[in-house]
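Report on the structure given below.
Laboratory data are not the source of any read-out in this text; all were calculated from the coordinates shown. These figures come from a predicted structure and were not determined experimentally. Here the Cβ is made from the backbone with ideal geometry for all residues, glycine too, and neighbour counts use every protein chain on show.
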Amino acid sequence: MIRVAVCGACGRMGKLIVRQVAKHDDMKLVAAIDAPGTPSAGEDAGELAGVGELGVKIVGADKLAEVLKKSNPDVLVDFTKADAAVQNVKTASEAGVSVVMGTTGFTVEQRAELEGAINKGGIKAVISPNMSVGVNVFFKSAKETARMLGSDYGVEIVEAHHVHKRDAPSGTALRAAQIIAEEFGWSVDKIKIKSVREGDIVGEHTVIFSTPEERVEIVHRAQSRETFAAGVMKAIRHVVKKGKAGVVQDMQDVLELR
Ligand SMILES: NC(=O)c1ccc[n+]([C@@H]2O[C@H](COP(=O)([O-])OP(=O)(O)OC[C@H]3O[C@@H](n4cnc5c(N)ncnc54)[C@H](O)[C@@H]3O)[C@@H](O)[C@H]2O)c1
């Protein structure tokens, strides 16, 4: 049985992850954490996620170290916000708990802090700005297309999300840009990213390769957040069974797409 703690358990993604964990026979929710001082503290995480009582109460992140010690999870899943996530990973690392990180919007410094904490604690980790299987195939397709077309093609990325998304451009668009820039030996700044924030769009990404004569587009559209939560379940199993101590892996490792 994989013991799972969810950080950000009252959020859009956190509730879906609680729901999915409850549905999987090989997993058990053992802790549910949200922001320090959350008004939901003391509420049952399962009730909040709409799957009925799970016997796990929401706790503020100010008590994270204590909660991890008491509940002894194998994995901490974090879908919060960048500054909070860095703190949460430091605490998980000190407690020797593996991490599945879906939070996006890290600065270069925050990302280095995250990796430093994982390395120092020798914990196993999967970090990915997008946990959906489709998007990870989209990343791989973008890399292959770039390799086949060559760097004579210009590249632009367009991404669209709901109005509540904090970071722009999206972590997924930045990752796609990084993958193509690496393939072309370019600085990542050479790839323009256009962000749209409209209504309740779950997540859309288009990579456009173009010359004056033609255009190749690779498109991914997420229709439901369940696609991210389903990927999280794969990442949880992977980090427990195939994670490497002190090493950050991503969904390309989880899905064996390298
Ligand atoms: N990797 C992926 O596949 C993927 C998919 C969707 C969203 N995301 C990212 O996940 C993050 C969360 O997205 P969301 O739409 O669920 O946001 P959300 O705002 O609905 O939820 C975030 C939750 O985190 C809580 N929180 C804030 N500070 C905290 C702390 N210190 N400790 C614990 N919890 C804390 C908030 O109270 C909130 O309930 C964002 O960074 C988003 O970009 C990633």
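Taking the range 192-252, which trypsin sites (Lys or Arg not before Pro) meet the DSSP loop condition and have no more than 15 other C-beta atoms within 10 Å?
Sites meeting the loop and neighbour criteria: LYS244.
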Next item on the list: Give me the lysines in straight-line cross-link reach of LYS120: C-alpha distance below 21 Å, same-chain residues under 8 apart excluded.
Entry: LYS69, LYS90, LYS241, LYS242, LYS244
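For LYS69 and LYS28, what is the calculated FRET efficiency with R₀ set at 25 Å and r taken between the beta-carbons, to the nearest 0.05?
Once the sixth-power term is evaluated, E becomes 0.90.
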Check: Which net charge results for the neighbourhood of LYS69, defined as the other residues with beta-carbon distances under 11 angstrom from its beta-carbon, given Lys and Arg at +1 and Asp and Glu at -1?
Finding: 0
Notebook entry, point to check: Which ³J(HN,Hα) values, rounded to whole Hz and listed in residue order, are derived for the range 158-171 from phi using the Karplus coefficients 6.51, -1.76 and 1.60 in 6.51 cos²θ - 1.76 cosθ + 1.60 with θ = phi - 60°, glycine and proline given as x?
Noted result: 10, 10, 9, 9, 5, 6, 8, 5, 6, 9, 8, x, 5, x
Checklist line | For the chain, the longest site-free run once GluC sites (Glu not before Pro) in DSSP loop states with at most 15 other Cβ atoms within 10 Å are removed | finding: 54-197
Checklist line | Under Karplus coefficients 6.51, -1.76 and 1.60, residue-wise ³J(HN,Hα) of the range 176-189 in Hz, glycine/proline x | finding: 4, 4, 4, 4, 6, 4, 4, 4, 8, x, 9, 6, 5, 4
Check: Over the Cα atoms of the range 2-123, what Rg and Dmax result, in angstrom?
Finding: 13.3, 40
Next item on the list: Using the Kirkwood radius over Cα pairs, work out the Stokes-Einstein diffusion coefficient for the range 133-222 at 10 °C and 1.306 mPa s, in µm²/s as a whole number.
Entry: 121 µm²/s
Item checked: Cα-Cα pairs of the range 182-258 separated by more than 15 Å (percent) -> 73 percent
Next item on the list: Rounded to the nearest 10 degrees, what's the angle between the helix 226-242 long axis and the longest principal axis of the chain, both from Cα atoms, 0 to 90?
Entry: 70 degrees
Next item on the list: Would you mind counting up the charge near VAL196? Only other residues with Cβ under 10 Å from its Cβ, with Lys and Arg at +1 and Asp and Glu at -1.
Entry: -1
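As a test of the formula, what do you get for the chain when each DSSP H run with n ≥ 4 contributes -39,500 (n - 2.57) and the sum is divided by the residue count, at 222 nm and rounded to the nearest 500 deg cm²/dmol?
-12500 deg cm²/dmol
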Note to self: Which residues among the range 177-198 fall inside the zone where the amide N is under 17 Å from a point 7 Å beyond the Cα of GLU213, along Cα→Cβ?
What the structure shows: none
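Using the Kirkwood radius over C-alpha pairs as Rh, can you work out the diffusion coefficient of the chain via Stokes-Einstein at 10 °C, viscosity 1.306 mPa s, in µm² per second?
84 µm²/s
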